[in-house]
Amino acid sequence: MQAGKSILRIHSADEGPAPVERLLISLATYDERENLAPLIAAIHEQAPHADILVIDDHSPDGTGELADRLAAAEPRIHVVHRAGKLGLGTATLAAMRYAIDNDFDLLLNLDADFSHPPRYIPALVAGMRQHDVMIGSRYVPGGGADNWPFSRRFISRCVNLFVRLALRIPVRDASGAFRCYRVAKLREAHLDRVRSRGYSFQQEVLFRCHLAGCRIGETPIVFANRKAGASKVNLRESVRSLSMLGWLGIKATLGLERYEAA
């Protein structure tokens, strides 16, 4: 399905006329039928002219079929069906390639379970005036996470500390998926080199963007517990992702990961 010609206009009285940029918002779904329709409605309340891309991993609960019905009624909604549960990392890469192939200016990604409240979308998009990547951050002033257990907070803090020290990325929240990317910079970020497919994907793709010279910013969000359905957190994948980050950190420390212009 070809992307439409939707645009998002950002107005600021003190910064003069706003540029016109095409915005694609991506949702990776697996068993999110209960959340999908209300989430899309909430997104369009915040970004009325944005296109929405649903990438469904053959959800057994019929999420993909519902997405098709929503797309049939709304030309701003596009759907990609995949053969099975291939993971968040590959879904995000698919969204990035879709945004590149269809000449969008901005790609904004958020989780499909309402843990990333759509009310923060305008702040993320506004931040793209000065940045190439904007992160919805839990760890800058004003940010936070509702009802997270201590173990999850501890692991998240440790991962982000590792990213700052080993990968030398000057951000507070490198593990969150609520982000906006400048598509022109994604073209330069050597996405073909991304090896992570699970939870470490967020850190690795940020590392690739950092190597490509992206200006990275953060805006505060409060991460919320999902509204419906079950969490996809998996211990085995967590261990695999930590191992991937460790290997990437070693390569970065030894200078084996450098940016090369295409």
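Worth a mention:
- Residue pairs meeting the criteria (Cβ under 6 Å; at least 6 apart or on separate chains; first in a loop (DSSP other than H, G, I, E, B) and at pLDDT below 95, in region 208-231; second open to solvent by 50 Å² or more (accessible area, probe 1.4 Å) and not acidic (D, E)): A212/Y259; N225/N147
- Looking across region 136-162 at every residue that is open to solvent by 30 Å² or more (accessible area, probe 1.4 Å) and polar (S, T, N, Q), the one that is modelled with the lowest pLDDT is identified as S151.
- Close pairs from region 48-76: first among the polar types (S, T, N, Q), partner open to solvent by less than 30 Å² (accessible area, probe 1.4 Å) and part of a strand (DSSP E or B), Cβ under 7 Å, at least 6 apart: S59/T29; T63/T29; T63/D56
- Test result for V171, open to solvent by less than 30 Å² (accessible area, probe 1.4 Å), farther than 22 Å from V205 by Cα and more than 15 Å from the chain's Cα centre (by Cα): no
- Taken over region 55-88, the residue count meeting the criterion of being in contact with a strand residue (DSSP E or B) (Cβ under 9 Å, 6 or more places away or on another chain), modelled with pLDDT under 95 and of a type in the set (G, A, S) is 1.
The values are calculated or read from the model by the stated rules, or taken from the named source; none is laboratory data. Bear in mind the structure is a predicted one, so any value in this text is a computation, not a measurement. All Cβ positions, glycine included, derive from the backbone under ideal geometry; neighbour counts span all protein chains shown. Protein only, heavy atoms only, side chains kept; ligands, DNA and RNA dropped before computing areas. Shrake-Rupley method; radii C 1.70, N 1.55, O 1.52, S 1.80 Å.
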